[in-house]
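Scroll down for the structure; my scribbles are underneath it.
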């Protein structure tokens, strides 16, 4: 039955992804929605109970978590902060605005939501909600830019740079959330070991990986043995952070960050491409597992009011913060609006963060469902809003960009970022 369910999940993911692409949306958005539709929302849960019986669901968690580890490793690997050197002060302004404004509004939102909720930790809940409305989905954003031929543009580079920093800040804050949430548990001090662990990864493991991975054959391809070492390292890092009392995605993300940044961009493109098959196979299982926890039929009138308020805070805070930050550094109003629209993409990164909140006891099922819906709607909005603000020159090569002469070295730009989003140019990717 388990193998049949996994086969069914792959079919659902493929069909839903194709439908989303036909509607001008990223395939991953269709896969997330497909996971929600086979959950308990439809037919009072009868469909979910038939397709995915209770006895099978614990076993689905294993491939789902494995796919999640590989995906978060890829997200960390994709975070190339060298782009920021070419993006300059506009990226810095966008990062500050798109983080601080929604974070402040999210804090006020959390205090409002606390009136009728009793999470595991009130301070952790406030911090979590503030982070949740501040998230930008770096992988989904990279795919949207690639599909719209904006990856190699100046604006695309600024957006990717800003999203990478926001991702790093979000996962760091989520680690802090778990530290606070676990403050009353025996052995909670262990989570503080994440600091020396991260230092050891960068100071000791990264140089070893650099020496190991620099030894490639005449064809410059990574050997199967080296690939196995890298993936084993990602799994071990995930296990270590889980043993410390943090979510395993933190460890996988950290290991992706410490991977050496070789001079040739092809190294990361190859590594991402070679892990893509497994991620494509396993990550849709996570969407189903997440969807089984979402019952939109049980939200109720109060829940829909919460949804409207969360949407207003998330969209307004992110858009206004990014727009003001970019405008303060001299970016024209229309292009600031375009950048703000891109930074409002949430999608998969938000879904994973919400899963951490649910597992930590910070979110109840109703609020989890509401915030998952917010993640889907804000990502759906990105495409239509881009069409409103974009002009043909926004998809031009960097040299044709209007008025901005900031130059990004070729190896550091998002050029060819279809590769670094998971596959060589022209190849379909999961996210």
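Note the full-extension length gain between residue 328 and residue 190 as 0.36 nm times their separation in residues minus their Cα-Cα distance, in nm to one decimal. Mind showing how you got there, number by number?
On the way: separation 138, 0.36 × 138 = 49.68 nm, distance 4.21 nm.
45.5 nm is the gain from fully extending residue 328 to residue 190.
I want to check the label-to-label distance for residue 199 and residue 7. Put each point 7 Å from Cα in the C-beta direction and report it in nm to one decimal.
Reported label-point gap for residue 199 and residue 7 is 5.3 nm.
Given points 7 Å out from each Cα along the Cα-Cβ axis, report the residue 22 to residue 274 separation in nanometres with one decimal.
3.7 nm
Can you tell me the FRET efficiency between residue 15 and residue 232 if r is taken as the Cβ-Cβ distance and R0 is 35 Å, rounded to the nearest 0.05? Mind dumping the intermediate values first?
Working: r = 34 Å, r/R0 = 0.96.
The formula returns an efficiency of 0.55 here.
Once the Cβ-Cβ distance between residue 47 and residue 120 is put in as r, and R0 is 25 Å, what FRET efficiency do you end up with, to the nearest 0.05? Before the final figure, lay out the partial values.
Working: r = 31 Å, r/R0 = 1.25.
About 0.20, to the nearest 0.05.
Using only the Cα atoms of region 186-343, what are the Rg and Dmax in Å?
21.4, 64
For each of 387, 148, 89, count neighbouring Cβ atoms within 10 Å of the residue's Cβ, then give the residues from fewest to most. Show your work: numbers first, answer last.
Details: 387 11, 148 18, 89 14.
Placing the least packed residue first, the sequence is 387, 89, 148.
Shape of region 1-140 from its Cα gyration tensor (a ≥ b ≥ c, root eigenvalues): rounded if a/c is under 1.5, otherwise prolate when a/b > b/c, or oblate? Each step should come with its number before you reach the end.
Numbers: a/c = 2.17, a/b = 1.40, b/c = 1.56.
Here region 1-140 falls in the oblate category.
Decide, for region 13-86, between rounded, prolate and oblate: order the square roots of the alpha carbon gyration tensor eigenvalues as a ≥ b ≥ c, take rounded if a/c falls under 1.5, and otherwise choose prolate if a/b is larger than b/c, else oblate. Don't skip to the end; give the middle numbers.
Details: a/c = 3.66, a/b = 1.65, b/c = 2.22.
Since a/c reaches 1.5 but b/c is at least a/b, the shape of region 13-86 is classed as oblate.
Rounded, prolate or oblate: which one fits region 96-208, using the alpha carbon gyration tensor with axes a ≥ b ≥ c (rounded when a/c is under 1.5, else prolate when a/b beats b/c, else oblate)?
Numbers: a/c = 3.12, a/b = 1.27, b/c = 2.47.
In terms of gyration-tensor shape, oblate.
Rounded to whole Å, give me the distance from the Cα center of region 296-334 to that of region 374-388.
For region 296-334 versus region 374-388, the Cα centre distance is 12 Å.
Throughout, read-outs are computed from the coordinates displayed, never taken from laboratory work. The structure presented is a predicted model; accordingly, all values stated were derived computationally and were not measured. Glycine also receives a Cβ, built like all others from the backbone with ideal geometry; neighbour counts cover every protein chain displayed.
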